1. Rounded to two decimal places and with Rh computed the Kirkwood way over Cα pairs, what is Rg over Rh for the chain?
2. So, R0 is 22 Å and r is the distance between the beta-carbons of residue 53 and residue 84; what FRET efficiency does that work out to, to 0.05?
3. Determine, for 63, 98, the number of other Cβ atoms within 10 Å of each Cβ, and report the residues in order from fewest to most.
């Protein structure tokens, strides 16, 4: 039963990280393809320091990985993050789907 409790804790921690709409927006952008920080910043319209903070949280919690490309940094979903056929994130404890607003 202990593994079930650990799994629940992991799920709660993942969902806490994803409770922020900026972090959700970043993950939604990265579902289709890796992006540079500048590209994400242009789409999301955030202060660069705020975007960097959210990317750091997502890196620390293993949702995204960063790869330096000269002076730029390319972000992509971490290999552990499973994307389903309908572009949802399988978190292991639940599936997170993104729906476009009408």
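1. 0.99
2. The calculated FRET efficiency here is 0.20.
3. 98, 63
Since every read-out is calculated from the coordinates, none of them should be taken as a lab result. Predicted model only: the values in this text are computed from it and were never measured. Every residue, glycine as well, gets a Cβ built from its backbone with ideal geometry; the counts of neighbours run over all protein chains shown.
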